[in-house]
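Okay, so here's the structure we're looking at.
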Amino acid sequence: MPAWGVNSAAMKRHFLLPLALGFSVAACGSLPEGDFPSLAKRPYEDSDPMAIEKKAPVPAPSSLPASLAAKLSALERRARAADAEFRTLLPAARAKASAAKGAAQSSDRWIAAQIALSRLDRSRADAVAALSEVDVLLLGNLDEGLTGNKPQYAPLMEPAQQRIAAIVKAQNAIIDGIFASIG
């Protein structure tokens, strides 16, 4: 190490730094002259890229199209028919469940009650399917309505959906009560 306390690597760095800065400044001065692009805003930069074109809202319909009304009526009939079958099987299921109260699991009475409940549950499958189909129709219409191009029939469809949902909800409550009574 030299006597003045600076190592040779540090000296090389201090020597090379001004040299590199000099070359950089010289390179900037050698750029070609001419027309450079303006830094002013371009026309498209003033518009809002997230703005959505506003359209006139589609007026709310006062009635359902005939095809949609027919579909909803058919789904309600399916739900009511399934409920009628459910109500027909209900007394037998309740009687078997009543007989199975306090019976051991896997006993004949307990198995008979489980079979009766299974039949009862299967009888309502069409009502549950009808509710699912109405929900799909309703959600499809809501999705189409979001675009603003299609009429919103959802408010007119909701009463049918609510009637079918009430049937399914009542059936669920009955089955839950019977299951609870068996234990």
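Every number in this text was worked out from the coordinates using simple rules, so none of it is lab data. As the structure is a prediction and not an experimental result, all values here were calculated from the model. Because the Cβ atoms are built from the backbone with ideal geometry, glycine has one as well, and the counts that use them run over all protein chains shown.
Among Ser181, Ser63, the ranking by other beta carbons within 10 Å of each residue's beta carbon, starting with the fewest, stands as Ser63, Ser181. Compared with the direct C-alpha span, the chain from Phe179 to Ser118 gains 20.9 nm at full extension, assuming 0.36 nm per residue. In terms of surrounding Cβ atoms within a 10 Å radius of their Cβ, Phe179, Phe36, Phe86 rank from fewest to most as Phe36, Phe179, Phe86. When the range 67-182 is described by a simple charge dipole with +1 on each Lys and Arg Cβ and -1 on each Asp and Glu Cβ, the residue from Val128, Pro155, Leu142 located farthest towards its positive end is Val128. Subtracting the Cα-Cα distance of Ala104 and Lys150 from their residue separation scaled by 0.36 nm leaves 10.7 nm. Here the average projected area of the convex hull drawn through the C-alpha atoms of the range 67-182 stands at 7.7 nm².
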